[in-house]
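Input: a single structure, listed below in structure tokens.
The values are calculated or read from the model by the stated rules, or taken from the named source; none is laboratory data. Given the structure is predicted, the values throughout are model-derived calculations rather than measurements. Don't worry about glycine lacking a Cβ; one is built from the backbone with ideal geometry, like all the others, and counts go over all protein chains shown. Surface accessibility is based on the protein's heavy atoms, side chains included, excluding ligands, DNA and RNA. Shrake-Rupley method; radii C 1.70, N 1.55, O 1.52, S 1.80 Å.
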Amino acid sequence: MEKIYNEDLKLISQEYSVRNLFNNEFERFIIEERIDPITSFKIRINKSIKSKPRSYKEIHTKKSKCPFCDPDNETPDFEFSKKIYIGDSVLFSNKYPYGKYHAVLVPNYKKHVKSFSQINYLDLYNSFMLIKEFYERIPEGDYKYLFINLNKGFSAGASQEHLHFQILIEKEPTNYFKIYLDKSNKYFDKYKKFFIEDYFNFEKQLNERIIFDGLIKLWSSFAPFRNNELIGYVDTFGIFFLSQNKFEEFIKNLYNILVTYEKLYENFNLVIFDTTLLRESRSYPIIKILQRPLFDIGYMEICHLEYVISSIPEETAKEFKENLEKV
Ligand SMILES: [Zn+2]
């Protein structure tokens, strides 16, 4: 839908539906995307959600059993695929999707685990194998933006405490990554170099925020959006292009980073934007991790899109680096 006042004032929206298969019955979700005429940011409305828990009280007092401990019976299949199992990991359709290809990935469903220290390297390895299997099964070829997301802890937005990733495969980049990719493309046109790589190399010269310089490059953000925010990239054109040896090294590095992060900062959000499916991308896969204690955002973040934090990036880098070395 497009309602046009003039060239610079338009109300744009589009709608699509997603179907899940749960208990032998199809569940249909209508998802609407709208573009904010002021910022051009996209927002999503899942018009079919009626029963998702919305208050903390409801979540914490809920006595019902954990659906992720019994995925066979308690979680939905995709319309185009049954749930996928590898080892103790499982991937299935999100019960409350807000994208056409929106999966939940439980690294270990055999134990009710809440943190990365309770799972092992193999669980994380199998989880990434499931992501590969998932994108290979997607029936539409023009969905190329692969986002691996995580809310760890209720304060970070998780509605189930059982450790799980959310995998979104999108046709268009999300707001933040659209800005990032536009920047990277313009940068490449001008300098014939990758922005993120130059950002890291510049940080290396300055040597104030660098944490890790291996297959994963990791540093603390110069201007973070949340406390103890880390940013990094994987030194490859796509995670799933890595050779077996390199892939194992990547999982090992990532596992160490996640265990260290939760040990230091407990609850957090994570996104990995993987570029495997993008041809001629001007970026490597990006990683962002941000701390999320309760009550950490308010009017500045929501109404002003301006972030107020209290951690000092240079101190975060030092602290994280010291602790990472101990793992
Ligand atoms: Zn569980």
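Overview of values
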{"item": "Sites Lys47 and Val308, calculated FRET efficiency, Cβ-Cβ separation with R0 25 Å, nearest 0.05", "result": "0.15"}
{"item": "Residue-span extension gain [His112 to Arg137] - 0.36 nm each, minus C-alpha spacing", "result": "6.2 nm"}
{"item": "Value at 222 nm in deg cm²/dmol, rounded to 500, when DSSP H runs of n ≥ 4 in the chain each add -39,500 (n - 2.57)", "result": "-9500 deg cm²/dmol"}
{"item": "Span from the region 172-224 Cα centroid across to the region 135-171 one, whole angstrom", "result": "23"}
{"item": "Efficiency of FRET between Lys252 and Ile38 - r from beta-carbon atoms, R0 41 angstrom, step 0.05", "result": "0.40"}
{"item": "Beta bridges per DSSP with both ends in the chain, % antiparallel, nearest 5", "result": "100"}
{"item": "Carbon and sulfur %, accessible surface of region 175-326 computed with the full protein complex present, 1.4 Å", "result": "53"}
{"item": "Region 175-326 - Rg (one decimal) and Dmax (whole number), Cα, Å", "result": "15.6, 46"}
{"item": "Cα centroid separation - region 77-118 against region 263-280, whole Å", "result": "17"}
{"item": "Members of Lys217/Lys252; Lys3/Lys183; Lys65/Lys263 lying beyond 19 Å, as alpha-carbon distances in this model show", "result": "Lys3/Lys183; Lys65/Lys263"}
{"item": "Summed side-chain charge close to Pro173 - residues other than Pro173 whose Cβ falls under 11 Å, Lys, Arg +1, Asp, Glu -1", "result": "+1"}
{"item": "Cα-centre dipole for region 2-170 with unit charges at Cβ (Lys and Arg positive, Asp and Glu negative), debye to 20", "result": "680"}
{"item": "Per residue accessible area of region 199-327, 1.4 Å probe, in Å²", "result": "49"}
{"item": "Dipole of the chain [Lys/Arg +1, Asp/Glu -1 at C-beta], most positive-end residue of Ile4, Phe188, Ser281", "result": "Ile4"}
{"item": "Integer Hz, Karplus 6.51/-1.76/1.60 couplings in order for region 251-262, x for Gly and Pro", "result": "4, 4, 4, 4, 4, 4, 4, 5, 5, 5, 4, 5"}
{"item": "Loop trypsin sites (Lys or Arg not before Pro), region 185-264 (other Cβ atoms within 10 Å of the site Cβ: 15 or fewer; DSSP)", "result": "Lys192, Lys193"}
{"item": "Farthest positive-ward along the chain dipole, Cα basis, beta-carbon charges - from Phe200, Ile239, Ser220", "result": "Ile239"}
{"item": "Dipole in debye (nearest 20) - the chain, about Cα centre, beta carbon charges: Lys, Arg +1; Asp, Glu -1", "result": "520"}
{"item": "Dimensions in Å of the chain - Rg and Dmax from alpha carbons", "result": "19.9, 60"}
{"item": "Gain on full stretching of the segment that runs from Asn23 to Lys193 - 0.36 nm per residue minus C-alpha separation", "result": "56.1 nm"}
{"item": "Spacing of the two label points (7 Å from each Cα toward its C-beta) at Lys204 and Phe295, in nm", "result": "4.3"}
{"item": "Positive-end residue of Tyr176, Val113, Ala156, charge dipole of region 82-193 with Cβ unit charges", "result": "Tyr176"}
{"item": "Under the Karplus curve 6.51 cos²θ - 1.76 cosθ + 1.60, θ = phi - 60°, whole-Hz ³J(HN,Hα) for region 305-318, x wherever Gly or Pro sits", "result": "6, 10, 9, 10, 10, 10, 8, 9, x, 5, 6, 4, 4, 4"}
{"item": "Sequence-separation-based contact order of the chain, relative, with Cα cut under 8 Å and 6+ spacing, percent", "result": "14"}
{"item": "Loop GluC sites (Glu not before Pro), region 236-327, which have at most 16 other Cβ atoms in a 10 Å radius of their Cβ (DSSP)", "result": "Glu266, Glu280, Glu306"}
{"item": "Check: region 175-326 dipole with +1 on Lys, Arg Cβ and -1 on Asp, Glu Cβ, in debye", "result": "460"}
